[in-house]
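Here is the structure we will look at.
The values are calculated or read from the model by the stated rules, or taken from the named source; none is laboratory data. Model, not experiment: these values are computed from the prediction. As a convention, Cβ positions derive from the backbone with ideal geometry for all residues, glycine included, and neighbour counts pool all protein chains shown.
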C-alpha cells in the first residue's frame, strides 16, 4: 500500500499481503530512485526511506529534537532555506542544529516569531517565496562545500580525516574464494591508509577497532564529533561471477542534489585506483546512510572485488595492499591540491 501510494506499481496478484516478484520489483525501483542498495529487501534503511518519502512539508510541525526529525519534508525545507541564502547545510533530510539555525535566521529576516518551528506562519512565508527558492534549488550546499574545500591551506597536512573500515565484529561482510573476510581486509587497508596520511601530516581516526562493528550512525557520529574534514569508508565489492573486478566509489546524492566535493573525490579515487591496474567502474551518487549521516564530504570506496581470486590475491599481498592504499592517499592529496 505504501509503495502504491508513492506511485510504484504493485500487481494485483501481490495485493492483500503477498510479497511476490511484482512487489520485489517495486521495492527495487524504489531503492534505485532513493539511492539505496538495490537488493529487493525491505531492511531498516529501506523501511525508513519508505516512511520518510511519504512526508510532505506541512504534514507536521518541524523542530529540533534530540533524535533529529527526518523526512522529505525536512529535505524540502533545507532546499528552500539554502536557495534563499540561509545556510542549512547539505540536503540530507535531517533536522539538525544547522537547519534550526538557518530557520531561525529566516524567521528573523521575515519578522516571524523566531521559535525554530515550521508552523503555519513559517509555511505561509516559505510558500510566498517558493518561486525564488526554486530558482536556486540545490546550488547553495554545492557552492559552500566548494568554498570550504578551497579556502584552507593546500595539502593533506593538518587535515582531520576519518577512515571507516567496513563491517567488523560479528559481521565479516562478504567472503572471498577461500573464506577471506571483507572486514579484515578493509581494516588492513584502512590502517595502511591512516599510516600513509599520518606521514603526510594529517590527523586520522578509524571509526572502529579490529574486532567491533559499530552501527552506521555511530560511525558517522565519530567523524561528526571529531569535526573531520573528510570521511572515507572502505568496503569491497562482490559478484556471483568470479570474473567481475574493478574499483568503484560512491558520493552522497539525494534527489538529484549531490555533494560536489564528494563527487570530485570519488572521481579522483577511481582514477588513481585505475593506475594500479583496476578496472574503472566509475563513481556513483548514492544516499547510503553513512554518506547521508556524515556532515563533511564523504566517499565510500570499493577498490576491488573480494569474489575475484586475482584481486583477493593482490589484497592479501602486503605490497599489493599498500599499492591500493597509496592510490587512495594520492586521490586525497589531489583533492586538497586541486582548487578547481
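Just to be sure before I move on: is residue 37 under 28 Å from residue 284 (Cα atoms) and either modelled with pLDDT of 95 or more or in the same structural domain as residue 102 (by TED's automatic domain parsing) (or both) in the structure I sent? Talk me through it step by step, then tell me what you get.
Numbers: under 28 Å from residue 284 (Cα atoms): yes; either modelled with pLDDT of 95 or more or in the same structural domain as residue 102 (by TED's automatic domain parsing) (or both): no.
No; evaluated as a whole, the condition is false for this residue.
Where residues in segment 62-87 are modelled with pLDDT under 90 and within 18 Å of the chain's Cα centre (by Cα), which of them is surrounded by the fewest Cβ atoms within 10 Å (Cβ to Cβ)?
Per the stated criteria, the residue is 68.
Restricting attention to segment 43-61, and to residues there that are in contact with a helix residue (DSSP H, G or I) (Cβ under 8 Å, 6 or more places away or on another chain) and under 22 Å from residue 300 (Cα atoms), which single residue is surrounded by the most Cβ atoms within 10 Å (Cβ to Cβ)?
Filtering first and then ranking leaves 49.
Go through (1) in contact (Cβ under 8 Å) with a residue 60 or more places away in the chain; (2) over 18 Å from residue 249 (Cβ atoms); (3) assigned to a loop (DSSP other than H, G, I, E, B) and name the single condition residue 173 misses.
The failed condition is (2).
When you scan segment 151-158, do you find a residue that is at pLDDT 85 or above and surrounded by 14 or more Cβ atoms within 10 Å (Cβ to Cβ), even just one?
yes
Could you please find all residues in segment 262-300 being more than 11 Å from the chain's Cα centre (by Cα), crowded, with 24+ Cβ neighbours inside 10 Å and in contact (Cβ under 8 Å) with a residue 40 or more places away in the chain?
The answer is 265, 269, 273.
Here is a check on your reading of the model: is residue 304 more than 16 Å from the chain's Cα centre (by Cα) and surrounded by 24 or more Cβ atoms within 10 Å (Cβ to Cβ)?
yes
Here is a check on your reading of the model: is residue 320 outside any helix (DSSP H, G or I), out of contact with any strand residue (DSSP E or B) (no Cβ under 7 Å at 6 or more places or on another chain) and surrounded by fewer than 18 Cβ atoms within 10 Å (Cβ to Cβ)?
No.
Go through (1) surrounded by 22 or more Cβ atoms within 10 Å (Cβ to Cβ); (2) modelled with pLDDT of 95 or more for residue 201 and report which single condition fails.
(1)
For segment 10-19, name all the residues that are surrounded by fewer than 16 Cβ atoms within 10 Å (Cβ to Cβ) and closer than 22 Å to residue 45 by Cβ.
The first filter runs over segment 10-19 and keeps only residues surrounded by fewer than 16 Cβ atoms within 10 Å (Cβ to Cβ), leaving 11-13, 15-19.
Result: 19, single match.
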